[in-house]
Amino acid sequence: MGPWPAGAQQKALPVIGYLSTNSANIPAREVEVFRDGLKSAGFAEGRNVTIDYRFAEGNYDRLPAFAAEFVARPVDVIAASGLPAALAAKAKTSTIPIVFTIGVDPMVNGLVAGLRQPGGNLTGVTQVVTAFEEKQLELLHELTPSAVLVGFLVNSKNPNYAAISERIEAVAKSLGLRLFQLPAVSKDEIEPAFAMGREKAIGALLIHNDTFLREQTQHLVQMTFQYRIPTMFYEREQAIAGGLISYSSRREEMRRQAGVYVGRVLQGTKPADLPVMQPTRFELVVNLKTAKVLGLTVPPSLLARADEVIE
């Protein structure tokens, strides 16, 4: 093949702006699974698409500037991982397609007009549309039936904090429980929150599904042992790391689907024509090693429903 004619240029590869509230390696395999989905849609990084990454590492204040960089470039599509990332991207552009992966109802947060017909320039995958926290609290109550006062460790800087707190309060009331909120917006505030929970004699603890708190998994597990508080975590990886119990959608499937959707957008499909995907499978993980350390007996009915039991 001869040389390129004078002045001719190769067509630039399409660019994906990957905007994540997380760190590059937490949660595990987030980016790898996204790329798997993208590849199944016909796009391989470095071959026929470029991916520009920005990771906020749980610091939501960094997201608007990252989103502005993508809009200024401009990228062909933004893949937004986490509600704060999706909101930051939406605030910066109404024209560049945005495919989100979030853990809350996108309609409540104004990302889309409807699940089947999103409208606008956003679509994606939501891991939670149903009363997800209700199920977590029910399972925690089944595991610790004598706990009447339950702590709720929250990051009040998270955009979904108010809506989730209101829902959790209502669920707790319906179960005959009282909820005590324990805010922690920095690592230094986590241990004082646990100490306050112990002082108030909480019998169990639910952790807010939040990127910053997920980044602190090892520290949180350490605190649950130190203060001997039975705690419900969000992700399977957290139970494997020593958390007592976790209940969540199968997040890898959802991240893979987000990659597929980004590929479809690059092929020309408009976000408005791609219905928001919802989870179809959930997983319950119980760590019996941790239960033993905490002096808990896990009900056989709970073990029978667990997808994974760590012994």
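Quick look at the values:
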quantity: The lone exception for VAL108 - which of (1) modelled with pLDDT of 95 or more; (2) of a type in the set (A, V, I, L, M, F, W, C); (3) loosely packed, with under 15 Cβ neighbours inside 10 Å; (4) within 30 Å of ALA204 (Cα to Cα) it fails; calculated: (1)
quantity: Top-ranked residue in region 283-311 [being exposed (fewer than 15 other Cβ atoms within 10 Å of the Cβ) and in contact with a Phe, Trp or Tyr (Cβ under 9 Å, 6 or more places away or on another chain); ranked as nearest to GLU237 (Cα to Cα)]; calculated: ASP307
quantity: Residue match in region 127-134 (condition: over 20 Å from ARG256 (Cα atoms), modelled with pLDDT of 95 or more and under 20 Å from the mean Cα position of the chain (by Cα)); calculated: no
quantity: Pairs where the first residue, in region 172-191, is over 16 Å from ILE229 (Cβ atoms) and assigned by TED's automatic domain parsing to the domain that holds GLN136 and the second is of a type in the set (Phe, Trp, Tyr) and assigned to a helix (DSSP H, G or I), C-beta under 6 Å, 6+ apart; calculated: none
quantity: Selection within region 47-74 - within 21 Å of LEU213 (Cα to Cα) and among the small types (Gly, Ala, Ser); calculated: ALA56, GLY58
quantity: Region 124-165 - residue that is of a type in the set (S, T, N, Q) and in contact with a strand residue (DSSP E or B) (Cβ under 6 Å, 6 or more places away or on another chain) and, of those, nearest to ARG198 (Cα to Cα); calculated: THR144
quantity: Condition check for ALA172: assigned to a loop (DSSP other than H, G, I, E, B) and under 19 Å from SER246 (Cα atoms); calculated: no
quantity: Number of the exception - MET223 against (1) out of contact with any Pro (no Cβ under 6 Å at 6 or more places or on another chain); (2) over 30 Å from VAL15 (Cβ atoms); (3) touching a residue at least 40 places away in the same chain (Cβ under 8 Å); (4) aliphatic (A, V, I, L, M); calculated: (3)
quantity: Number of positions in region 252-295 that are of a type outside the set (Asp, Glu), assigned to a strand (DSSP E or B), closer than 25 Å to LEU220 by Cβ and within 18 Å of the chain's Cα centre (by Cα); calculated: 3
quantity: Unmet requirement for GLY259, which otherwise passes all of (1) touching a Leu at 6+ places or on another chain (Cβ under 9 Å); (2) small (Gly, Ala, Ser); (3) modelled with pLDDT under 95; calculated: (3)
quantity: Of all residues in region 259-275 being touching a Phe, Trp or Tyr at 6+ places or on another chain (Cβ under 9 Å) and surrounded by 14 or more Cβ atoms within 10 Å (Cβ to Cβ), the one that is nearest to THR93 (Cα to Cα); calculated: PRO271
quantity: Evaluation of LEU220 against (1) in contact with a Gly (Cβ under 9 Å, 6 or more places away or on another chain); (2) not assigned by TED's automatic domain parsing to the domain that holds GLU142 (one fails), failing number; calculated: (2)
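The values are calculated or read from the model by the stated rules, or taken from the named source; none is laboratory data. Predicted model only: the values in this text are computed from it and were never measured. Backbone-built Cβ (ideal geometry, glycine too); neighbour counts: all protein chains shown.
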